[in-house]
Ligand SMILES: CC(C)(COP(=O)([O-])OP(=O)([O-])OC[C@H]1O[C@@H](n2cnc3c(N)ncnc32)[C@H](O)[C@@H]1OP(=O)([O-])[O-])[C@@H](O)C(=O)NCCC(=O)NCCSC(=O)C[C@@](C)(O)CC(=O)[O-]
Ligand SMILES: NC(=O)C1=CN([C@@H]2O[C@H](COP(=O)(O)OP(=O)(O)OC[C@H]3O[C@@H](n4cnc5c(N)ncnc54)[C@H](O)[C@@H]3O)[C@@H](O)[C@H]2O)C=CC1
């Protein structure tokens, strides 16, 4: 079907739903019912959620779960997670429980610098441009003062601006490359506002710079935007224990477990096909907490994967070693997060998640999120190198398969018990449910 519409954004919510359901669904009443089913019953809350984005017609639920027992730098946390995939929360909880008895997670924020750039074109003398930049720099900072005043009072603001010559890549291409400290805000809007002001000042002042020829005054601003690549907004998370303490009755000694685990990490360090899946496992934990705390998971994803490629080849974000009988597993990861701004003060479940985390600062949240990623990676690698991933994952996924077969509560109970001792697969569940239904029909 190929249908276009002009002025859709101007329609009311019910007009939008009406057009959509009549245009795309043979049973428009049923489609409407589903959409309405996910509206918040409270009118005020419904409006709040509607107004987060544009053309809202319903709400998209994700489960909101928690993983308890995370010992981080000596303090226990229960971590909120919003995610659709079964076994992720169980895996995080499992790893938290494992490390609770082994000293817990240690974390450290290594840096908090964020970057933004004004990309512009200039075809003239590089020396004169540099001279102009040196002259105009105080004015750039001065004109941005109305935007930076409050941030500076809090201890943040613009920390540097430099002129970068990118003409080796594209003829005439230069940048104003600026660094920012945005404290508890992720900072996208703050940084973009500063950059757009830089661009205005830069262009305006160029008109009055007497060393420029008329042609050189014609600086063309291409765009002004923050970068989601934040290699200097970095947090480290680590676990370690004596090798013999890794033994956890999984029919494998601590030494064997450490050796296999390190092999698995080494493979992800050198083999991109494996590294992507390895890091996906880390992002299971990271994204879930990022979402639950109202942060921008696209920004985090883009930045993290760029960081994983920083050596020129996509590689593992985590690393492991044994030294002097001590197993250490760690990760350094860039995370530009906010605990103010964005949705953090608006979405009721985000507010609850932040309260659950005892109202963390952005730095504290960076550490909690990194831990969730490392824990997730530990749980996945532990399964992969011992039982295999499917045993635990499918155990958790069983309920989704049962729901696909529209199992009743009674069927769920019987089949959950059955699959405690049988391997879960889509086919096996299908066969078991068929058998059960034939038997119960026979009994009728
Ligand atoms: C699934 C488990 C945890 C089972 O592990 P288990 O040893 O069978 O669990 P258990 O029943 O003995 O319970 C032990 C603890 O695990 C947690 N746990 C256990 N069950 C639950 C549950 N229902 N709800 C909440 N928490 C649960 C919980 O902490 C529990 O302690 P308790 O609460 O009893 O004191 C384990 O096998 C595991 O960690 N597997 C890894 C699963 C995983 O990584 N899933 C992610 C999806 S797969 C993927 O996307 C990524 C991947 C794997 O491809 C990445 C990669 O390749 O690297
Ligand atoms: N490329 C990207 O990543 C882009 C992301 N965004 C979106 O921007 C939003 C985040 O932007 P923000 O500027 O962080 O949010 P925001 O625009 O809500 O601003 C947060 C403001 O909170 C104030 N504030 C109060 N207390 C503070 C404290 N302790 N520390 C720091 N600031 C404090 C500051 O004035 C700060 O500017 C997210 O929703 C994100 O999705 C927007 C454009 C691009």
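The values are calculated or read from the model by the stated rules, or taken from the named source; none is laboratory data. What you are looking at is a predicted structure, and each value in this text was computed from that prediction instead of being measured. Using ideal geometry, Cβ is built from the backbone for each residue, glycine included, and neighbour counts are taken over all protein chains shown.
The figures follow:
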| quantity | calculated |
| --- | --- |
| Cross-chain or 6+ apart pairs with Cβ under 8 Å, the range 390-401 first and modelled with pLDDT under 80, then within 16 Å of ligand 2 (Cβ to nearest atom) and assigned to a helix (DSSP H, G or I) | none |
| Any hit, the range 303-315, residues being more than 14 Å from ligand 1 (Cβ to nearest atom), closer than 29 Å to residue 184 by Cβ and either under 10 Å from the mean Cα position of the chain (by Cα) or outside the structural domain of residue 376 (by TED's automatic domain parsing) (or both) | yes |
| Residue count, the range 135-162 (criterion: away from ligand 2 (no atom under 16 Å from the Cβ), buried (at least 18 other Cβ atoms within 10 Å of the Cβ) and part of a strand (DSSP E or B)) | 1 |
| Residues satisfying the stated conditions in the range 163-180, i.e. part of a strand (DSSP E or B) and touching a helix residue (DSSP H, G or I) at 6+ places or on another chain (Cβ under 8 Å) | 163, 165, 174, 176, 178, 180 |
| Members of the range 316-340 found to be assigned to a loop (DSSP other than H, G, I, E, B) and touching a helix residue (DSSP H, G or I) at 6+ places or on another chain (Cβ under 7 Å), listed by number | 316, 317, 325, 335, 336, 337, 338, 339 |
| Matching residues, the range 219-260, being in contact with a helix residue (DSSP H, G or I) (Cβ under 8 Å, 6 or more places away or on another chain), away from ligand 2 (no atom under 16 Å from the Cβ) and closer than 30 Å to residue 194 by Cα | 219, 221, 235, 236 |
| Residue match in the range 381-391 (condition: assigned by TED's automatic domain parsing to the domain that holds residue 87, within 16 Å of ligand 2 (Cβ to nearest atom), under 27 Å from the mean Cα position of the chain (by Cα) and on the phi < 0 side of the Ramachandran plot) | no |
| Flag for residue 181 being farther than 21 Å from residue 212 by Cα, away from ligand 1 (no atom under 16 Å from the Cβ) and free of Cβ contacts under 8 Å to residues at least 12 places away in the same chain | no |
| Residue satisfying condition, being at pLDDT 95 or above and in contact with a helix residue (DSSP H, G or I) (Cβ under 6 Å, 6 or more places away or on another chain), within set 284, 266 | 284 |
| Flag if residue 131 is away from ligand 2 (no atom under 16 Å from the Cβ), closer than 24 Å to residue 233 by Cα and out of contact with any helix residue (DSSP H, G or I) (no Cβ under 8 Å at 6 or more places or on another chain) | no |
| Residues (under 13 Å from residue 428 (Cα atoms) and either within 30 Å of the chain's Cα centre (by Cα) or in a helix (DSSP H, G or I) (or both)) located in the range 400-417 | 401, 402, 415, 416 |
| Meets criteria (at pLDDT 95 or above and surrounded by fewer than 24 Cβ atoms within 10 Å (Cβ to Cβ)) for residue 339 | no |
| Filter result for the condition that a residue is over 16 Å from the mean Cα position of the chain (by Cα), within 16 Å of ligand 2 (Cβ to nearest atom) and either within 30 Å of residue 53 (Cα to Cα) or free of Cβ contacts under 8 Å to residues at least 12 places away in the same chain (or both), over 363, 351 | 351 |
| Test result for residue 230, touching a strand residue (DSSP E or B) at 6+ places or on another chain (Cβ under 7 Å) and assigned to a strand (DSSP E or B) | no |
| Hits in the range 275-312 - residues which are away from ligand 2 (no atom under 16 Å from the Cβ) and outside any helix (DSSP H, G or I) | 309, 310, 311, 312 |
| Filtered residue count, the range 321-346, keeping only those that are without any contact (Cβ under 8 Å) to a residue 12 or more places away in the chain and under 30 Å from residue 256 (Cβ atoms) | 2 |
| Residue check for residue 57: free of Cβ contacts under 8 Å to residues at least 60 places away in the same chain, under 20 Å from residue 360 (Cβ atoms) and either more than 16 Å from ligand 2 (Cβ to nearest atom) or part of a strand (DSSP E or B) (or both) | no |
| Residue that is nearest to the chain's Cα centre (by Cα) [pool: residues in the range 84-123 that are buried (at least 16 other Cβ atoms within 10 Å of the Cβ) and at positive phi] | 87 |
| Enumeration of residues in the range 289-315 that are within 27 Å of residue 357 (Cβ to Cβ) and in contact with a helix residue (DSSP H, G or I) (Cβ under 6 Å, 6 or more places away or on another chain) | 289, 290, 291, 292, 293, 294, 297, 300, 308 |
